[in-house]
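K.L.:
Got a structure for you, questions after.
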Amino acid sequence: MQHYKYTTQGTCSRQITFGLEGEKIYDVKFSGGCPGNTLAISKLLEGMEAKRVIEILKGNQCGVRGTSCADQLAIAVEKALDDH
């Protein structure tokens, strides 16, 4: 399993870590952010196809920030797939 660390921009969470095994995502962890939301996101995505994660989460916004913790995760996963 490849492990990734992404420093977020424009969100309450400061960093996201996750693993990719093949095309599936595992062990998503947010540092900071809204604990209830980020824990729920992590549980819902466990074992999901990485491309599907991007489809679902990319573009989700938190207020007027222009991004969200979920959007930042989609960006991180997309970058990881490009580097993979």
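The values are calculated or read from the model by the stated rules, or taken from the named source; none is laboratory data. All values derive from a computational prediction rather than experimental measurement. Neighbour counts are summed over all protein chains in view; Cβ atoms, including those assigned to glycine, are modelled from backbone coordinates with ideal geometry. Surface accessibility is based on the protein's heavy atoms, side chains included, excluding ligands, DNA and RNA. Shrake-Rupley method; radii C 1.70, N 1.55, O 1.52, S 1.80 Å.
K.L.:
Would you mind computing, in nm to one decimal, how far apart the modelled labels at residue 14 and residue 49 are, each placed 7 Å from Cα along Cα→Cβ?
P.N.:
Result: 3.6 nm between the two label points.
K.L.:
At 1.4 Å probe size, with the rest of the protein present, what percent of the exposed accessible area of the chain is carbon and sulfur atoms? If you can, show how the numbers build up before the last one.
P.N.:
Numbers: 2500 of 4960 Å².
Heavy-atom surface of the chain belonging to carbon and sulfur, 1.4 Å probe: 50 percent.
K.L.:
GluC sites (Glu not before Pro), restricted to segment 1-82: which are DSSP loop and have at most 14 other Cβ atoms within 10 Å?
P.N.:
Loop-located and lightly packed - 23, 46.
K.L.:
How much length would be gained if the chain were fully extended between residue 34 and residue 60, taking 0.36 nm per residue of separation minus their Cα-Cα distance, in nm to one decimal? Kindly include the intermediate steps, with their values, before the conclusion.
P.N.:
On the way: separation 26, 0.36 × 26 = 9.36 nm, distance 1.50 nm.
Gain on stretching residue 34 to residue 60: 7.9 nm.
K.L.:
Accessible area per residue of the chain at 1.4 Å probe, in Å²?
P.N.:
Counting only protein heavy atoms, the per-residue value for the chain is 59 Å².
K.L.:
Moving on. Under a 10 Å cutoff between Cα atoms, tell me which one of 28, 53, 64 has the largest fluctuation in the Gaussian network model of the chain.
P.N.:
64
K.L.:
Filter the chain for me: DSSP H helices, axial length by Cα at least 24 angstrom, mean Kyte-Doolittle hydropathy not below -1.0. List them by residue number.
P.N.:
none
K.L.:
In addition: Taking a point 7 angstrom from the Cα of residue 79 along the C-beta vector, which residues in segment 44-60 have backbone N less than 18 Å away?
P.N.:
Inside the label zone: 50-51, 53-55, 57-60.
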